[in-house]
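**Q** Below are the structure tokens for one structure; questions will follow.
The values are calculated or read from the model by the stated rules, or taken from the named source; none is laboratory data. Remember, predicted model here, so these are calculated numbers, not experimental data. No Cβ is skipped: glycine too gets one built from the backbone with ideal geometry, and neighbour counts run over all protein chains shown.
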Amino acid sequence: MQAFTNQAVSVIVNKLILTILENKKYFSDIDGLIGDGDHGINMNKGLTMC
């Protein structure tokens, strides 16, 4: 079993942040159908702080 290195995890987290940033409007639009529409904004904030 191969363990994750800090560098590998960093690449994954950075790609995740980019994906959230690129799709934050979409996530907020979906959340707006059932909630208050801030899901994409808050996901982006939280992962960027990460």
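**Q** Kindly list, by first and then second residue, each pair from a residue in region 39-50 that is closer than 11 Å to L21 by Cβ to a residue that is at pLDDT 80 or above and of a type in the set (D, E), limited to pairs with Cβ atoms under 9 Å and residues at least 6 apart or on different chains.
**A** G40/D29; G40/D31
**Q** Now a separate question. Could you please tell me which pairs satisfy a Cβ distance under 9 Å, a separation of 6+ or placement on different chains, a first residue in region 1-27 that is free of Cβ contacts under 8 Å to residues at least 12 places away in the same chain, and a second residue that is in a helix (DSSP H, G or I) and surrounded by 10 or more Cβ atoms within 10 Å (Cβ to Cβ)?
**A** Note: pairs meeting the criteria are F4/I12.
**Q** Yes or no: region 11-26 includes at least one residue that is on the phi < 0 side of the Ramachandran plot, modelled with pLDDT of 85 or more and aromatic (F, W, Y).
**A** yes
**Q** Inside region 1-23, can you point out the residues that are in a helix (DSSP H, G or I) and over 8 Å from the mean Cα position of the chain (by Cα)? It would help to see each step written out before you state the result.
**A** Of region 1-23, the ones in a helix (DSSP H, G or I) are 6-23.
Listed by number, the residues that qualify are N6, Q7, A8, V9, S10, V11, I12, V13, N14, K15, E22, N23.
**Q** Oh, and also: Taking region 27-50 on its own, how many of its residues are surrounded by 12 or more Cβ atoms within 10 Å (Cβ to Cβ) and assigned to a helix (DSSP H, G or I)?
**A** Summing the residues that are surrounded by 12 or more Cβ atoms within 10 Å (Cβ to Cβ) and assigned to a helix (DSSP H, G or I) in region 27-50 gives 14.
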